[in-house]
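As structure tokens, the structure follows; a few thoughts come after it.
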Amino acid sequence: MNVIEIKNLTKIYNSSEVQVKAVNGISIDFKEGEFTAVVGPSGSGKTTFLNMLGGLDRPTSGDVIIGGVNIWQLSSRKLIDFRKNNIGFVFQSYNLIPVLTAGENVEFIMQLQGKPRKERDIRTKELLEAVGIGERIKARPSKLSGGQQQRVAVARALASKPEFILADEPTANLDSTSTTSLLELMSQMNKKYNTTFIFATHDQRVMDKARRIVTIEDGKILSDEYFDRD
Amino acid sequence: MFKYFKIAWRNLWRNSRRTIITSSSVFFGVFFACFMTSMQRGSFENMIGNMARFYSGYIQIQHPDHKETPSLNNSLLLSTELEEAISKNNDITHYQKRLETFALASNGEKSFPAIIFGINPQKEDKKSSLSSKVEKGKYLENNENALMIGKVLAKNLNINIGDSLILFGQGYHGVSAVNLYRVGAILDMPVPELNKSLIYMNLPDCQEYCSVNGQITSVVLMVKNTNKIKSVEASLKPFENENTKIYTWDELMPEILNLIEGKESSSAMVKSLLFMIIGFGVWATIIMLMHERKRELAVMIAIGFQKTALIFMMLIESFLIGILGILGGLGVSYGILYYLYKNPITVVGEMAETYRSMGFEPKIMFSISPEIFYNPAITVFVIFLLVSLYQIFFVAKLKVSTSIKS
């Protein structure tokens, strides 16, 4: 079943003299439970592609249809609500809210969704234990290592029970041990919750874990390959 | 709501030094504005109070022409209906019929101009505690044929208790007014101008001296507090006619009102400058704060925080900075000003002389009128409202995808 359908997606940046086509008419689908890496050299358009997919950057033309909803036809308010309920984000620089504890960071999105206190507490604990830092629930991000912060970010992304998770270079700031362990964790979460993961990455270790690799160059899909990792 | 407040409160203490410095600037702004206004207002209230008690009253009833031409020919007879309305009005604490005239006071070869008030000594004492101003001699009794004079006038005339003083003047319709009176008391008035020229005598004696037949030049009214002046004036307005007009103190002493307005506008300029500096300081802090958190704000929007909610949260944060400063400033200034209101500072030495020469009692008085405190608070609140427009604009224009990478 398709979670995301992308039709002829284009993004053109107008600089002072030239037009740059960062994404050039991409059409692609993503199915439920996929673990996909979008790869390509710097400037190939993978981050722009992911931003449009996540409702963060408006395309020049084309459609992004998630669960039957063409997200770029929604008002800004409805789009924010849509992201809250359907899309999880993991960023390169973790981007946790620094004044909230690990637990509060995970719980926060559920609070925005209006989930009851008891449900939030149970799910926060469950997710933090699942990502292996249940004992640091009360720690502020500044007291956590980069790897631990990224684990909290994964737990936060999963907290809202999204249709899919977008991760832009999630391992770029991590050492090798943290990278391996984070990838293992995301792979487990993918299997456990059947959540679709889409990464933008340069990292070979991420590519080695991905079951689907989409290569983008000059804003176009160069290749789209599936791998059996089991 | 609580979650916004929680994040805003914690954000406030992320950079505690900055929060303390910004709140302190608000604190000092509010404190100095309150202090400055209280001192100025206190002096003015004292001056007006003294002038009202010892001279004009807060409201006066006169013949319509007496203000422009203060002659005995422009005197009035108080109607029974108006006197009844005055005595029935609960906001009027005292009223006093008065005959006011000018004369030359003479002792031996020395003569000085004097202003004479024919009064009811008992009523005057109730109104202004005049008996407490007696420096020498005995306070005048009703029907006692004697004078009370200001101490500077007494000194200038080289006259003392029990001495006789000749008054030369003009009576009703141009008749000569001359008589000899015994000095019963010498007064030390808080308004230095009055000390130089003031003479009190019993109203019937004064009426006889001026050859008037029961007329008076004014009825002086004191009210419960200055806020009641307008309502009392309004209640008496229906009694105005071709012989009777109601005036408030500011109509009778426009020079004092001008002085107050002049001083208040210059102090308003100083305060505006003070609040402008604070405003720019607060704005600089808010700009810094917003730019520092650009990425964080973008992430919050990305994960599902509505921009309106984010603006609300940021406003809570900046208003908390303001509220800390405002409450601190108001609390400290009220404490200090209340003490100074109860214990005015007495000025001594040359400074005291300067005060006296300007017609002020040599005391630094303070006021604790509510507007002294709520005006700076409202001003700071408005500053924060204006600064918050920047926050609203910033969040509304925030581009999520680029800000996350910033």
message: Based on alpha-carbon centroids, what's the gap between the stretch B:3-75 and the stretch B:153-173 in Å, whole number please?
response: 42
query: Kirkwood Rh, Cα Rg: Rg to Rh for the stretch A:2-226?
result: 0.97
task: With springs connecting C-alpha atoms under 10 Å apart, model chain B as a Gaussian network and identify which of B:81, B:124, B:261 has the largest mean-square fluctuation.
output: B:81
query: Going down the list B:127/B:228; A:192/B:3; B:136/B:196; B:155/B:196, which pairs span over 21 Å between their C-alpha atoms?
result: A:192/B:3
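Give the average, rounded to an integer, of partner chain Cβ atoms located within 10 angstrom of each Cβ in B:398-405.
5
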message: If packing is taken as the average number of other Cβ atoms within 10 Å across a peptide's residues, how do B:83-91, A:152-160, A:35-43, B:69-77 rank, most packed first?
response: A:152-160, A:35-43, B:69-77, B:83-91
Computed over chain B: relative contact order in percent, which uses C-alpha pairs under 8 Å that are six or more apart: 26
- prompt: Amide H to amide H under 5 Å from residue A:220: which residues, 5+ apart in sequence or cross-chain, H placed 1.01 Å off N in plane?
  reply: A:24
- request: Give the long-range amide H neighbours of residue B:364: residues separated by 5 or more places, or on another chain, with amide H under 5 Å away, using H modelled in the peptide plane at 1.01 Å from N.
  value: B:345, B:346, B:347
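How much net charge surrounds residue B:154 when only other residues with a Cβ under 12 Å from its Cβ are counted (Lys, Arg +1; Asp, Glu -1)?
Summing Lys/Arg as +1 and Asp/Glu as -1 gives +2.
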message: Taking beta carbons within 10 Å but only from partner chains, what does the mean come to for residues B:305-317?
response: 2
Reachable aspartates and glutamates from residue B:245, criterion Cα separation under 18 angstrom, eight or more residues apart if same chain: B:65, B:68, B:81, B:83, B:84, B:100, B:233
query: Other chains near A:84-95: what is the mean number of their Cβ atoms within 10 Å of each residue's Cβ?
result: 3
- line: If amide H atoms are modeled at 1.01 Å from N in the peptide plane, then the residues at a separation of 5 or more from residue B:202, or on another chain, having amide H under 5 Å from its own are B:119, B:146
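Under 8 Å for C-alpha pairs, at least 6 residues apart: give me the relative contact order for the stretch B:64-243, rounded to a whole percent.
Relative contact order of the stretch B:64-243: 32 percent.
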Cross-link reach list, lysines versus residue A:7, counting only Cα pairs under 18 Å and skipping chain neighbours closer than eight places: A:21, A:31, A:46, A:220
message: Just to confirm a number: summing +1 for Lys and Arg and -1 for Asp and Glu over residues other than residue A:72 whose beta-carbon lies under 13 angstrom from that of residue A:72, what do you get?
response: +2
task: Within the set of other residues whose C-beta is less than 13 Å from the C-beta of residue B:230, count the net charge using Lys and Arg as +1 and Asp and Glu as -1.
output: -1
query: GNM on chain B, C-alpha springs below 10 Å: top fluctuator among B:37, B:93, B:308?
result: B:308
message: What whole-number distance in Å separates the alpha-carbon centres of the stretch A:83-104 and the stretch B:241-278?
response: 59
Taking chain A and dividing mean pair separation by its residue count, relative contact order in percent (alpha carbons under 8 Å, at least six apart): 29
task: Quick one: what are the phi-derived ³J(HN,Hα) couplings along the stretch A:139-146, Karplus 6.51/-1.76/1.60 with θ = phi - 60°, whole Hz, x for glycine and proline?
output: 7, 6, x, 5, 9, 10, 6, x
- request: Per residue of the stretch A:9-19, in order, report the coupling 6.51 cos²θ - 1.76 cosθ + 1.60 (Karplus, θ = phi - 60°) as ³J(HN,Hα) in whole Hz, putting x for Gly and Pro.
  value: 6, 9, 9, 10, 9, 9, 8, 4, 10, 10, 9
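Show me the ranking of peptides B:133-146, B:23-36, B:311-324 by mean Cβ neighbours inside 10 Å, starting with the highest.
Final packing ranking: B:23-36, B:311-324, B:133-146.
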Of the DSSP H helices in chain B, those whose Cα atoms cover at least 18 Å axially and whose Kyte score averages 1.0 or more: B:307-342, B:370-397
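Only the coordinates and a few stated rules stand behind these numbers; no lab work does. Note that the structure is predicted; figures quoted are calculated from it, not measured. In this analysis, Cβ positions are derived from the backbone assuming ideal geometry, glycine residues included, and neighbour counts consider all displayed protein chains.
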